[in-house]
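The values are calculated or read from the model by the stated rules, or taken from the named source; none is laboratory data. Bear in mind that the values here come from a model prediction, so they are computed numbers and not experimental data. Please note: Cβ atoms are built from the backbone with ideal geometry, for glycine as well, and neighbour counts cover all protein chains shown. We work out accessible area using only protein heavy atoms, side chains counted, and drop any ligands, DNA or RNA first. Shrake-Rupley method; radii C 1.70, N 1.55, O 1.52, S 1.80 Å.
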Amino acid sequence: MASGATCVKKLDGSRDSAIHTKYRILLRSSSIRESRYPLPRVVYGLMRGHDPCAHRKRGNTGRTLLKFGFPWHMSVVRHKAKILHIGMAVTERRRNTSWGGRRSAFMVFFSVLLLHCVAILLFTSGFLLTRTELPHYSHCSDVSQSPCGLPDRSPQSDHDGATCWTKPAVDRLVIIVLDALRFDFVAPSTFFEEKKPWMDKLQVLHKLASEPESAARIFKAIADPPTTSLQRLKGLTTGGLPTFIDIGNSFGAPAIVEDNLIHQLVQNGKRVVMMGDDTWTQLFPHHFNKSYPYPSFNVKDLDTVDDGCISHLVPTLYDNDWDVLIAHFLGVDHAGHIFGVDSVQMIEKLQQYNEQLEKVVEVLQSQAGRGGLHENTLLLVMGDHGQTINGDHGGGSAEEVETSIFAMSLRKPSLTLPSEFDASSCKLDLDGRKVCISSIEQLDFAATVSALLGIPFPYGSIGRVNPMLYALVAGTWNLEGYDMSSKQSRLKLKEWMHNYAKVLCVNSWQVKKYIDVYTASSVIGFSIDDLKHVAEMYAQAVNWSNSLHDVASCKDEACRTSFDVLKRQIDLYSNFLASVAELARTKFTEFNLRMMGIGFGILLISIFIHVLVIKRVDGIDIAVFPSHETRSVSFGLIVSCTIVAARACSFLSNSYILEEGKMTNFLLASIGMLGLRHSIMTKKMISEAAAFVFLISILRFMIEFGLSKPQEILDFHSWMKHI
């Protein structure tokens with residue numbers, strides 16, 4: 001007999017055993033409710049032996065088992081036994097049903113998981129646009145494969161002695177990058193409906209752009225999203241359209257591995273000097289002859305990077321050991337992030353930049369004479385992107401994508417640019433000076449600078465050589481005094497147009513080659529119809545290339561005809577390049593709203609199905625285990641969901657990265673305080689929870705002190721100077 005069994009003597013003299021323990025367990029597991037008061041039980045006292053039924057085995061010898069009971073107890077026991085058998089049968093049937101329900105629920109949950117994956121795949125395919133980085137590089141010898149011929153004069157050579165792509169127009173290049181430079185920081189306030197406090201602070205640029213004898217011009221530069229500094233620097237140097245995800249040989253590495261402007265400069269013997277934002281040394285770790293990088297991580301520091309640029313910029317202009325100089329200032333970007341555009345700190349930074357630009361221009365002009373160090377130097381003052389009023393950037397709003405480029409050639413212009421190539425807007429500034437502003441795409445920067453320096457275009461560049469910026473250095477500039485009746489003027493103009501048409505020919509050939517190789521190499525290529533349209537436009541442009549002839553030996557009427565032919569040729573190449581750029585934008589930078597909408601809709605449907613299945617499974621669980629009562633939503637669950645929701649919503653901010661440390665610290669401290677509260681209520685691990693909260697407080701204090709310390713030191717030095 002099993003342990004726990006008790007031998008019971010019935011009224012008729014027979015004996016039987018009742019397994020009380022198992023009986024009570026099975027009875028409690030059934031759906032039959034027990035009586036409030038327990039039924040009377042039989043009390044036994046065992047006088048001898050451990051086996052309650054041992055007297056049956058030995059034949060009534062020894063002491064007898066005493067029993068106290070009631071005569072009606074046995075009928076109640078039989079009734080409960082019957083109920084027990086019924087309950088066991090019902091329980092077994094429910095268990096079999098529940099296991100079948102659980103298997104069905106598992107299959108439903110697995111299907112919902114697959115539905116989630118499909119929804120996320122569709123949404124990300126429309127949102128996280130990708131572009132394959134090709135491991136190819138341009139070389140000077142490649143131009144021999146083009147239908148454009150070789151440059152007429154001043155060829156550059158690579159290591160193999162081959163002639164390079166275009167005639168160099170400048171000897172030295174100075175690039176000053178003012179991070180987050182809004183367009184209205186540079187353009188006069190008269191170009192806008194309402195004057196703002198931050199406008200008209202860079203007066204030196206207005207003055208230079210308004211001088212009739214100065215080859216200077218203000219450009220409205222249009223950037224392509226995403227408008228983050230790293231992506232914009234990558235776009236400016238590669239001539240491509242960086243996306244949120246770039247698939248390359250070293251995915252995730254900070255260095256740029258595809259062909260770019262800096263690589264071409266170094267490969268073709270140009271000496272490059274960099275100072276300022278250390279992002280340049282991360283993108284191009286082994287390309288600079290000299291570099292003076294400064295950390296850009298601390299957005300509360302407005303002066304460290306700028307002071308480093310100021311200390312090296314002017315002295316370096318007197319050196320002759322460089323061909324390209326890059327200075328990247330960060331003060332305006334940091335001031336916008338911390339204080340906003342409409343702040344005293346922003347205005348002070350713009351005034352500081354104006355003073356430094358005056359010094360730079362003074363040094364360049366002092367050595368711009370014949371035989372001088374900067375006789376043929378080009379100055380570019382530009383921004384990588386704009387910013388909103390609150391200092392945010394990264395998106396595609398007008399404030400974020402509109403920045404500026406100021407270009408000035410130290411070589412005096414000779415002729416005018418015809419109105420067919422000029423789309424400038426001219427107005428008077430507050431001082432009555434005439435200032436004209438042109439437009440340029442940042443996509444065109446790499447190709448235009450490469451053409452001016454006479455080096456190969458980056459392999460992945462899809463931009464066009466901008467006619468206004470190219471003409472600024474090539475010699476035909478001043479918009480006034482153009483005399484078409486002068487034969488010399490016509491010849492000079494035709495010479496420039498002939499040269500520009502050949503540059504566009506090389507430009508178009510390079511872009512067409514990239515499109516063909518990209519389509520053959522990338523899984524994510526262009527459609528057949530788009531490629532057919534692009535090929536037709538390129539073939540039409542190339543067919544006109546035979547119309548180019550020597551302009552120096554033509555007669556008057558022939559020159560006039562040649563002018564029309566050249567104009568037609570330039571238009572065809574420009575239309576082809578514009579078509580390719582637009583096609584690339586739709587592929588690399590414009591979100592596929594249809595795919596995003598389908599993915600989001602499927603995700604909502606899957607979540608709804610998920611909720612229904614959870615409710616169904618919860619009902620099955622309650623039916624199988626009725627003692628498991630449904631509990632209300634706990635306070636901890638509400639807090640956890642709130643923290644997760646706040647964390648998710650915080651990513652909607654463009655500048656979330658700037659406050660991510662504070663936000664994470666705050667959420668961590670909140671969790672610590674809730675943990676301390678729980679420990680006090682349960683009286684468990686109170687000391688550990690209190691220590692955790694204390695360490696979080698110390699960490700928060702150290703972070704705040706570390707970020708504010710550089711600014712406090714600078715303020716102290718500034719105070720000491722005034723004593």
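When you go through Val511, Val449 one by one, which is the residue that is in a helix (DSSP H, G or I), at pLDDT 90 or above, within 17 Å of Ser146 (Cα to Cα) and among the β-branched types (Val, Ile, Thr)? Give the steps one after another, and end with the answer.
Working: Val449 fails: within 17 Å of Ser146 (Cα to Cα).
None of the others qualify; the one that does is Val511.
Restricting to region 290-301, name every residue that is polar (S, T, N, Q) and in contact with a strand residue (DSSP E or B) (Cβ under 6 Å, 6 or more places away or on another chain).
Step one: list which residues in region 290-301 are polar (S, T, N, Q), which gives 291, 296, 298.
Ser291, Ser296, listed by residue number.
So that you can scan it fast, the table gives a plain yes or no per residue for (1) assigned to a helix (DSSP H, G or I); (2) at pLDDT 80 or above:
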position	(1), (2)
Ala552	yes, no
Arg560	yes, no
Ser574	yes, yes
Ala578	yes, yes
Ala581	yes, yes
Thr586	yes, yes
Glu590	no, no
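Quick one: is Asp278 without any contact (Cβ under 8 Å) to a residue 12 or more places away in the chain, open to solvent by 20 Å² or more (accessible area, probe 1.4 Å) and more than 23 Å from Tyr459 (Cβ to Cβ)?
no
Given the condition at pLDDT 95 or above and open to solvent by 20 Å² or more (accessible area, probe 1.4 Å), answer yes or no: does some residue in region 325-337 qualify?
No, region 325-337 has no match at all.
Do the conditions hold for Asp246, that is, is it charged (D, E, K, R) and either outside any loop (DSSP other than H, G, I, E, B) or modelled with pLDDT under 95 (or both)?
yes
Return the residues of region 365-396 that are of a type in the set (A, V, I, L, M) and either open to solvent by 40 Å² or more (accessible area, probe 1.4 Å) or in contact with a strand residue (DSSP E or B) (Cβ under 6 Å, 6 or more places away or on another chain) (or both); say none if nothing qualifies. Full working, then the answer.
Taking region 365-396 first, the residues of a type in the set (A, V, I, L, M) are 368, 373, 378-382, 389.
Matches in region 365-396: Leu373, Leu378, Leu379, Leu380, Val381, Met382, Ile389.
Looking only at region 167-187, decide whether some residue is out of contact with any helix residue (DSSP H, G or I) (no Cβ under 8 Å at 6 or more places or on another chain), modelled with pLDDT under 90 and hydrophobic (A, V, I, L, M, F, W, C).
No, there is no match, as no residue in region 167-187 is out of contact with any helix residue (DSSP H, G or I) (no Cβ under 8 Å at 6 or more places or on another chain), modelled with pLDDT under 90 and hydrophobic (A, V, I, L, M, F, W, C).
Checking Ser439 against (1) at pLDDT below 75; (2) more than 17 Å from Tyr573 (Cα to Cα); (3) open to solvent by 30 Å² or more (accessible area, probe 1.4 Å), only one condition comes out false. Which one?
The failed condition is (1).
Collect the residues in region 281-295 that are open to solvent by 30 Å² or more (accessible area, probe 1.4 Å) and not in a strand (DSSP E or B), keeping them in residue-number order.
Of all residues in region 281-295, those open to solvent by 30 Å² or more (accessible area, probe 1.4 Å) come to 281-282, 285-295.
Thr281, Gln282, Pro285, His286, His287, Phe288, Asn289, Pro295 - these are the residues of region 281-295 that are open to solvent by 30 Å² or more (accessible area, probe 1.4 Å) and not in a strand (DSSP E or B).
Return yes when Ser125 is at pLDDT below 80, assigned to a helix (DSSP H, G or I) and polar (S, T, N, Q) and no when it is not.
So Ser125 fits the description; yes.
Examine region 473-495 for a residue that is at pLDDT 90 or above and open to solvent by 40 Å² or more (accessible area, probe 1.4 Å), and state whether such a residue exists.
no
Kindly indicate the residue of region 592-605 that is of a type outside the set (Lys, Arg) and open to solvent by 80 Å² or more (accessible area, probe 1.4 Å) and also modelled with the lowest pLDDT among those meeting that condition.
Taking region 592-605 and keeping what is of a type outside the set (Lys, Arg), we get 592-593, 595-605.
Pick out the ones that are also open to solvent by 80 Å² or more (accessible area, probe 1.4 Å) and you get 593, 600, 604-605.
Details: Leu593: 80, Phe600: 88, Leu604: 87, Ile605: 88.
Per the stated criteria, the residue is Leu593.
Which of the residues spanning region 190-242 are in contact with a Gly (Cβ under 6 Å, 6 or more places away or on another chain) and either among the polar types (S, T, N, Q) or not in a loop (DSSP other than H, G, I, E, B) (or both)?
Taking region 190-242 as the starting set, the residues that turn out to be in contact with a Gly (Cβ under 6 Å, 6 or more places away or on another chain) are 225-228, 238-240, 242.
Scanning region 190-242 gives Thr227, Thr228, Thr238.
With within 26 Å of Pro188 (Cα to Cα), touching a residue at least 40 places away in the same chain (Cβ under 8 Å), of a type in the set (A, V, I, L, M, F, W, C) and buried (at least 23 other Cβ atoms within 10 Å of the Cβ) as the only criterion, which of Val341, Val401 stands out?
From the options Val341, Val401, the qualifying one is Val341.
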